[in-house]
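Engineer: To start, I am sharing the structure in question, which I have written as structure tokens.
The values are calculated or read from the model by the stated rules, or taken from the named source; none is laboratory data. Remember, predicted model here, so these are calculated numbers, not experimental data. Every residue, glycine as well, gets a Cβ built from its backbone with ideal geometry; the counts of neighbours run over all protein chains shown. Heavy atoms of the whole protein, side chains included, go into the accessibility calculation; ligands, DNA and RNA do not. Shrake-Rupley method; radii C 1.70, N 1.55, O 1.52, S 1.80 Å.
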Amino acid sequence: MPSKNSPKSLKILVIDDDVVTRKLLGAALLARGHAVTQVCGLTQAGEAIAAEIFDASIVDLNMPDGNGMEFVHLVRRGLQSRNPTMTIAVCSAYAAPRPSALLKRLGADAVFEKPVPLDALCALIETGNQRQAA
Amino acid sequence: MNASTAFNQPARPVSGISPADASKDDASKDDVSKSAGGHITSRKISSEVVARFQKSLDAAALLTLGLMVEFALFDHLTLFESVRAISLVMLATFTFIVVAREAGAYSIAHLGQPWSGVLRLGISAAAAGFVVMAASLAAGFDLARLTLWVLAWWAFSLTILGAARLIVGKYIRRWGQAGRLAVRVAVVGGGRELEAVLDRLSRVSRAEVDVCGYFDDRGNARDKTHTFGVPRLGDIDDLVEFSRWFRIDTVIVAMPLVAENRLWVILKRLWVMPANIRISALSTRLRFNRRAYSQLGDVPLLDTFDRPISEWDYVVKSVVDRILAALMIVALSPVMLATMIAIRWDSKGSVLFRQRRYGFNNELVEVFKFRSMYIDNTDQNAAKLVTRGDPRVTRVGRFIRKTSLDELPQLFNVLRGDLSLVGPRPHALKAKAADRLYDEVVEGYFARHRVKPGVTGWAQIKGWRGETDTTEKIEARVEHDIYYIDNWSLWLDLYIIAATPFSLLNTNDAF
């Protein structure tokens, strides 16, 4: 049920191999009225973005079967990406400067350090990115 | 938890360029415990390996079917008749496979399109049939008997190989669409050469070549963010980091060949990476012999460095590793059990000791050992090397270190795919020689991480075991490691495995 402070319900993909982070983010986004799909790795994420159109995604940088950089590439340049302009937020236990810069240039909209600042994350997702505006 | 975690791939390479990143990795233990694991990614599939696998399966099927048909249809009274029949089947199989290969039946494109693949199999079958007919008529076979065999062999082999193609083709198409068969490429360079390469590669199907990004070696910040749809990702330092994260297959250097100094600087940085390094020959006026080039799309490339032990070699080595490791575990299980009991009885603490070390592509792997020190003193990062008479070592510890029994649990690392049986020894992250980190001491140190580390190695059987306290010792070891990588063969591996027990007899170097 959409709450008052979220104007629009979005479809969001949450990708993290850590079940706690995943559930936590999922619950927070759900509470704001969004539809959330949770997957636990890059392989499943690739299948999800090929099957459905998501407005935004939140992806962990380090996962056992791949990493967040590969996901950003998969969304922006992948052959089966159904929405190449979706908003992408990358989360990492530690956002080193060089990987963060690479992520941005690959097309990530933001890189957050864990624990993820929920307000900033929701603000980003709900306003969308410039790719979608264009 | 799910299928994908079963692959257990380490996802975090340690940056070879900024020590700050490496020390950070030490702090986040959690990350590593879950990321230590095998090296086959669940996403990328080598098209070369797929093709080769299909070819081997086809050959095996043809041989089996040929023999079955031959021995079902006819009686073989003498040894001579049997030998003659078997030779005939082998000749037919050989001709079939050679013709099919030359007709392109094992190119990934035809594997993905079953009907064009089946057509090529048909041509091969016809060719093989005629060659066999001609050869055996010359050898005095009966024509009617031969025709019967050829027809039966055609019917069976085309049905079964064709059906296999239809199934395989479905997967190949699916993998192709998901980009899993593509060669992952990064381009580095500048100017018109770089643009020309990106332009040409943009015309190749992305199912075949996935250009992940380009890098400007002169770091021209005013440059655009994308060229032919490919993002500009930074400078040469960024490339080194990026190719570790992405496991880039091929790095293309695109700049005028006359820019010798720039080329030299770039190659010096890149050769330690586990990737193929190629120089674009697109805009060079020099036209070498055609054979001097390899092709990617229609970009001619000069092969500069090849990724060692890759593709089919990697498959062979992995399979042999696991089979031998499993056999050794069974054979040595009494020794391991006894060691475990002794450790338990001697001092308190767990039997196993885990330490994070550099693995393939600078990724961290968790290496298992039997514990040889008192628990309060185990050294996670091996900042302080063990010396003779070290008080941190337990009584049992001294014995198992001396006999190298403490290394046996690494056979389980081999089963998991973190280690190979043979390779450069995995070094601890903070290991030092003469108070300097190894990669500061030895130029090209990270080049040893282009292959999986091993339980034993070339350096070890050549007498370079034990302490690495001096610069000379670590230099000699890296030199041996590089020699091994450059000269790898399955036979070299087997030789090193066979020689290892003898090198253990000289135990003066292990404390």
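Engineer: Return only the number of the condition from (1) touching a helix residue (DSSP H, G or I) at 6+ places or on another chain (Cβ under 9 Å); (2) surrounded by fewer than 20 Cβ atoms within 10 Å (Cβ to Cβ) that residue B:163 does not satisfy.
Structural biologist: Residue B:163 satisfies all of (1) touching a helix residue (DSSP H, G or I) at 6+ places or on another chain (Cβ under 9 Å); (2) surrounded by fewer than 20 Cβ atoms within 10 Å (Cβ to Cβ) except (1).
Engineer: Could you tell me whether residue B:180 is open to solvent by 10 Å² or more (accessible area, probe 1.4 Å) and in contact (Cβ under 8 Å) with a residue 40 or more places away in the chain?
Structural biologist: Yes; evaluated as a whole, the condition is true for this residue.
Engineer: I've got another one for you. Report yes if residue B:213 is touching a residue at least 40 places away in the same chain (Cβ under 8 Å) and either open to solvent by less than 20 Å² (accessible area, probe 1.4 Å) or small (Gly, Ala, Ser) (or both), otherwise no.
Structural biologist: Judged against the criteria, residue B:213 is not a match.
Engineer: Shifting gears a bit: Out of all the residues in the stretch B:111-127, which are over 25 Å from the mean Cα position of the chain (by Cα), part of a helix (DSSP H, G or I) and under 19 Å from residue B:177 (Cα atoms)?
Structural biologist: Passing the criteria: B:114, B:115, B:116, B:117.
Engineer: Quick check, is residue B:85 open to solvent by less than 40 Å² (accessible area, probe 1.4 Å) and not charged (D, E, K, R)?
Structural biologist: Considered against the rule, which asks whether it is open to solvent by less than 40 Å² (accessible area, probe 1.4 Å) and not charged (D, E, K, R), residue B:85 comes out as yes.
Engineer: Please enumerate the residues belonging to the stretch B:72-91 that are of a type in the set (A, V, I, L, M, F, W, C), assigned to a helix (DSSP H, G or I) and within 19 Å of residue B:137 (Cα to Cα).
Structural biologist: Selection gives B:73, B:80, B:83, B:85, B:86, B:88, B:89, B:90, B:91.
Engineer: If you go through the stretch B:92-107 one residue at a time, how many are assigned to a helix (DSSP H, G or I) and surrounded by 21 or more Cβ atoms within 10 Å (Cβ to Cβ)?
Structural biologist: Residues in the stretch B:92-107 being assigned to a helix (DSSP H, G or I) and surrounded by 21 or more Cβ atoms within 10 Å (Cβ to Cβ): 4 in total.
Engineer: Looking only at strands (runs of 3 or more DSSP E) that lie completely in the stretch A:6-98, which have at least 2 residues being free of Cβ contacts under 8 Å to residues at least 60 places away in the same chain and open to solvent by 10 Å² or more (accessible area, probe 1.4 Å)?
Structural biologist: By residue number, A:35-39.
Engineer: Working carefully through the options B:191, B:129, B:169, find the one that is on the phi > 0 side of the Ramachandran plot and open to solvent by less than 50 Å² (accessible area, probe 1.4 Å).
Structural biologist: B:191
Engineer: So which residues in the stretch A:99-108 are of a type in the set (Gly, Ala, Ser), part of a helix (DSSP H, G or I) and more than 7 Å from chain B (Cβ to nearest Cβ)?
Structural biologist: Answer for the stretch A:99-108, where residues must be of a type in the set (Gly, Ala, Ser), part of a helix (DSSP H, G or I) and more than 7 Å from chain B (Cβ to nearest Cβ): just A:100.
Engineer: Another question about this same structure. (1) over 24 Å from residue B:184 (Cα atoms); (2) facing chain B (nearest Cβ under 8 Å): which one isn't true of residue A:112, the others all being true?
Structural biologist: The failed condition is (2).
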